[in-house]
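Readers should treat all values here as calculations from the given coordinates under stated rules, not as data from a laboratory. If you're wondering where the values come from, they're calculated on a predicted model, not measured in any experiment. Counting neighbours? That spans all protein chains shown, and the Cβs are built from the backbone with ideal geometry, glycine included.
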Amino acid sequence: MSRNGARIIVVDDDISVRRALSRLLISAGYQAQTFESVRDLLMNGELGRTACVIVDVRMPGPGGLELQEILSQVPVPIPIIFITGNPDVPTAVKAMKAGAVDFLSKPFSEEELFGAVERALALRSASTDQRRMAHRRR
Amino acid sequence: MIHYLRADRTSAVPKNAAVQGGPAVATGPDSVVYVVDDDESIRRSLARNMRAAGLTVETFSSAQAFLAHDLPDRVACLVLDVRLPGASGLDLQTALLEANRAMPTIFITGFGNVPMSVQAMKGGAIDFLQKPFDENELLSAVERALARGRQARAERAERLIIQRRFDMLTRREREVLELVVAGLLNKQIAFNLGAAEKTVKIHRGRVMHKMQVESVADLVRMTQRIGIEPSKTS
Amino acid sequence: MMAETGNNRVQGWRPAATLLAVAVAYYVGAQLGFILRFPPTTPSVLWPPNSILTATLLLTPVRRWWLYLLAALPAHLAAELPVLPPLLVFGLFATNCAEALVAAAGLRWLSDAPTRFDTLPRMAVFVLVGALAAPFVSSFPDAALVTAIQGESYSFVWRTRFFSNVLASLTIVPAVVMAVRNGLPNLRAAAPHRHLEAGLLASGLFLASMGQFGNPSEFGLGLPAELSAPVAVLLPFLLWSAVRFGPGGLSVCLVATALLAVVAGTGESGIFVTQRAAEAVLSLQILLSTMAIPLMCLAAVIEERRQASEALATRLRLEEMLSRLSAAFVHLPSTEMHRALDEWLGRLGEHMGLDCVVIAEYSRTAADELVVRAWAPSEPVKPQTVACREVRWADDQLRQRQTIAVRDVGDLPPHAHAERLMFRLYGIRSCIVVPLEAGERVLGGLAVATTSADRALREPFSGWLRLVAEVFASALERTAMEDALRASEGMKSAILSSLSNGVAVLDSDGTIVAVSQSWTIEGATVGSNYVTAWRETARAGASHGSDAAAGIAAVLARERDSFAFEYTARDPTAERWYSMVVVPLNQPDGGAVISHTDVTERKRAEVNAQRSRQELAHFTRVSTMGALAASLAHELNQPLAAILSNAQAARRFLDAARPDLGEIRSILSDIVEDDKRAGKVIEGLRELLRKGETEVELLDLNALIRDVVKLLGSDALIRRVRMHLDVAAEPLIVAGDRIQLQQVVLNLLVNAMDAMADCPTEERVVSVQTELCDGQTARVSVQDAGPGILTGQHDLLFEPFYTTKPTGMGMGLSISRSIMEAHGGLIWATNNPARGATFSFAMPIRNGTAT
């Protein structure tokens, strides 16, 4: 999976944010897929081919933390980048402790976003390599 | 795979290994909690609480004072105020990381914000507590930190042993090892090194012996610990 | 004198004794009549019983006449039955009674004062009716009876009886009547020289009579010419008595003369010895009668003149006293009044020979009390208070403005117990009480009393007493008015000087007539015109001056009931606020009272309070904002994040070899939209944080609530609270400050959400409802499903610093309440039947459309 062209999922209830983020990611050469809610993602998304998930912390219905909890059950963890318009320390710490790649406060710059995305992709590929090696060992 | 991942958390060194040492109890005399806070009364109250919980505590009023202190090799964790006069808690965290003296850290702060907390967590902090916090919250964080510290210490010791074993390998043996962990067969190694398969077999046996491993898988894990990348095969 | 001893209580209150006295007098009179006979003739020279009966009837009420006549019957029988046959005795009694009745009835009918003989007309009536007509008429049946039974000559008997009774009537009736009326006290009260004079007269008359009638040799036989000599001798004495002692004295003298003449004449050496008895009797009777009639008239004339001159003198004396009294009281200061009253009571009593003078004044402080000042000889006046109910009868009479005249204690009505008791106690017999009248009011009464009957009541004294009462009344009224005036002046000046406000009294033209000490308005002193002063202020450029002038003028013209006005004026150091209140003066001349207060401090306090309130409201808004910061940050950060990402994406697109301009245009329009969105959030934020003055406008409560609910949408999201909004179909137009009303709604919504923080997520519902009640009130209710209001805390809810939240200030509901109060609305809270509480507010609907 090449870095450029990595598929990134955006989950945000605000269409304006979704559209902007999707554009930005695409402009940087990523693939972007947007969902308006966690439920939407879980029902329609293809997590297996996903490099990382950018998710809003709070949305109607389940939010980013709930998604993180669900994804921690997946054999290969999908790196999660949290974004929020209403940041607070406990949530940030909780997300980070649970292994979030980053926790970005809106509005965030492209440098912040891409930095986080790159780190996520690195984590993702590392774990993918490990998995691949383990396959090979067998 | 899950098993594999979990194995990551246990020591790669067999339990009977001579290098494994140190008591596993949280409150042993070899474990210490360093508290760095510029507020005298907070230092005192934290120290009092943790001593009451059976911990050994040393307090410092600034990052500089802490860095100047000669730290003995003990299981340790750091309770660190984010805002300090001079270098901040985050600066101290970075400095320790860069000095390769990273220590499980619990940040405490009265004026925390989200970027600060995220940075601290990215830097490997165990927790980021906002004042006022519950005493038990801190103690449980300290316990986690000490556990992490113990684990890190054990890993460090393990790496040291592995490194020593590795150091005993000859250049040729190292070349063989790198190819073995890359998953090549003896024949392939021999081809790669331009040596006889038999010779490779002997080298391989010596590597296994010197590294004190039974299987290739153990060898792979060990070499990963000390950062030996498998050779890229063409 | 006999009549006096026997009859001087005829008029009194002991009828039995009086009846007995009449009987005794009648009997004695009859015995005397028998003595004064020239035997053997039946008729007497002087027959007193008839005269005694006449006098009795004159002195007694008509309704009791029969009693007295009946009382005389036993006396008559006792006196005459031994000497005369019974038939004759009864007949004679009838004729005697008839004579008395004719005389008494005739006198009562014809005379203005049948018991008085002090004027010529009264005396003439008495002589003609009582002394001549009655005996004349009654003598016919009498003579007929005697002739029939005794066989005597009719003409002789008639003649004898007629003259005998004429003489008796002329002499005895005035004597008895006057003795009874004036009584013995009158005699006793007379000066010693009068007693001496009376003694001289009596002895002179006695000697002359004895000389005349006792010496027949000097007495000629020719009749009636022969009588000239004795007449000449007796006349001076009788004239003396008539001139000096009046009809009473004369009648006594005549009785005495008649007795002496008869005694002398019936003796051995009397003037009638040489004559035939009948002739002698007749001549004596004619002599005495003819002398008596002119003398009586003379005495009456003299008495009349004496009384007239005496009345004149009395009147003069009274007038003099009255004028002195008036002079003394007319300019008397009210403080001297009571001392002067005491002094003059004494003077009146002494000069008028009264036994008691009392002035009773209704208490000014207690309407049911009388302040009584009583003078009695040799007793100092001492004011004392008497409750009106103790002298109820007199009190009633006074209040009905009746003059009370009590001739004698018996005249008091039966229920006047207290008064009767006082009469007895002080030995008073007659009394007159004149009301002290001042206009329509009765101030009290003036009473004079004597220990003798009748004296105090004589004219002109009682009339004069009314004049005295007038003087006293006007003096007392003036005192009362002066006291009241002084009290009111004192009160007025005390009030004026104690006022901290500047107060001025204006007359109807606006001229200042009085000011309080603290009145320090420049150019507005006593005598200047206040309205003009304001007009000049207006002319000098102060815009409020003409308003003030118009307002004061309107009050002065009674066009307005009051006028209140606030204005600022610049003194050298700072701007000051003044409040002026103008109220009309409730008096016929009109005018007004101006109250002028420096309200700068109050104004400052008001401004400060207003500012504090606004600051507090602002603070609460800010702290509410703090609570809302999360959601607001979210609201703002969403578009900002979108903008940033879009802009950066655009930059990257532009870096491409062939930029997709369509995409970039789309990005830019998204940026514009998000920017507007962010701007709106900030606008809302700024409005909420605005620290402004109150701005009242017409607004639709429904729209306002929708805005607030929208604003809180993301907060509700974060708190996992569902909001249910149910607005009234019609717009609810109210007048108010948008921000403040938003604040109230915001407080209630945040409150409701806070209340449900510990509830399970699915129960967190806030229902907001707006409705129009009875077409006049808009009601908004915010219902939560929280724990509700604790018992007993309803009253505390809206108090400042009441809070159940760990982080709350407890100001939200308190501020909301003050906002509602400022909008003429109400705010309240109730617990829901199921769970949770409903906070509601209501405010009046206005006509119009929202601005």
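Okay, here's what the table says:
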| read-out | value |
| --- | --- |
| In nm, spacing of pseudo-spin labels at C:SER666 and B:LEU67 (7 Å Cα→C-beta vector) | 5.2 nm |
| Helix-only CD estimate at 222 nm, as mean residue ellipticity for chain A, using -39500 (n - 2.57) per DSSP H run (n ≥ 4) | -15000 deg cm²/dmol |
| Rounded to 10°, Cα long-axis angle of helix B:197-210 versus longest principal axis of chain B | 30 degrees |
| 0 to 90° range, to nearest 10: angle between helix B:135-167 axis and chain B longest Cα axis | 30 degrees |
| Efficiency of FRET between C:VAL83 and C:ARG194 - r from beta-carbon atoms, R0 45 angstrom, step 0.05 | 0.65 |
| Projected label distance in nm at B:LEU185 and A:ILE15, using a 7 Å step from Cα toward the beta-carbon | 6.0 nm |
| Potential lengthening between C:HIS351 and C:ALA202 on full extension [0.36 nm per residue; Cα-Cα distance subtracted] | 50.3 nm |
| Estimated FRET transfer efficiency (C:TYR154, C:LEU20; beta-carbon r; R0 41 Å; 0.05) | 0.65 |
| Angle in degrees between helix B:216-225 and the longest Cα principal axis of chain B, rounded to the nearest 10 | 40 degrees |
| Among A:ALA95, A:ALA51, A:ALA20, residue whose mean-square fluctuation peaks in a GNM of chain A (springs only between Cα atoms under 10 Å) | A:ALA20 |
| Relative contact order [Cα under 8 Å, 6+ residues apart], the stretch C:694-851, whole percent | 27 percent |
| Within a Gaussian network of chain B (alpha carbon springs, distance under 10 Å), most fluctuating of B:VAL213, B:VAL114, B:VAL35 | B:VAL114 |
| Amide H partners (placed H, <5 Å) of C:THR777, local residues excluded | C:ILE845 |
| Theoretical gain in end-to-end length, C:TYR426 to C:ASP396 [0.36 nm per residue, Cα-Cα removed] | 8.6 nm |
| Phi to ³J(HN,Hα) by Karplus 6.51 cos²θ - 1.76 cosθ + 1.60 over the stretch C:65-77, Hz, x for Gly, Pro | 4, 4, 5, 5, 5, 4, 5, 6, 4, x, 4, 4, 4 |
| Cβ-Cβ FRET estimate between C:LYS382 and C:ASP547, R0 fixed at 56 Å, reported to 0.05 | 0.30 |
| Model label zone, C:GLU673; criterion: amide N under 15 Å from point 7 Å along Cα-to-beta-carbon; scope the stretch C:650-666 | C:663-666 |
| Shielding of B:217-224 by partner chains, average beta-carbon count, 10 Å | 1 |
| Max mean-square fluctuation residue, GNM over chain B, Cα-Cα springs under 10 Å, options B:PRO104, B:PRO85, B:PRO132 | B:PRO132 |
| Restricting the stretch C:375-474 to GluC sites (Glu not before Pro) in coil, as DSSP defines it, with at most 13 other Cβ within 10 Å | C:GLU440 |
| Shielding by partners, peptide C:707-717 (average Cβ within 10 angstrom, other chains) | 1 |
| Relative contact order (percent, whole number), the stretch C:331-484, Cα cutoff 8 Å, 6+ residue spacing | 22 percent |
| Contact order relative to length of chain B, as percent, for alpha carbon pairs under 8 angstrom and 6 or more apart | 16 percent |
| Within chain B, helix-based [θ] at 222 nm, where runs of 4 or more DSSP H residues each add -39,500 (n - 2.57), nearest 500 | -16000 deg cm²/dmol |
| B:PHE111 versus B:GLU137: modelled label distance in nm, points set 7 Å from Cα along the beta carbon direction | 1.9 nm |
| C:LEU725 long-range amide H proximity, modeled H, under 5 Å | C:VAL768 |
| ³J(HN,Hα), Karplus 6.51/-1.76/1.60, whole Hz, each residue of the stretch C:357-366, x for Gly, Pro | 10, 10, 10, 10, 10, 5, 4, 6, 9, 10 |
| Gain in span if fully extended, C:GLU763 to C:LEU235, counting 0.36 nm per residue against the direct Cα distance | 175.8 nm |
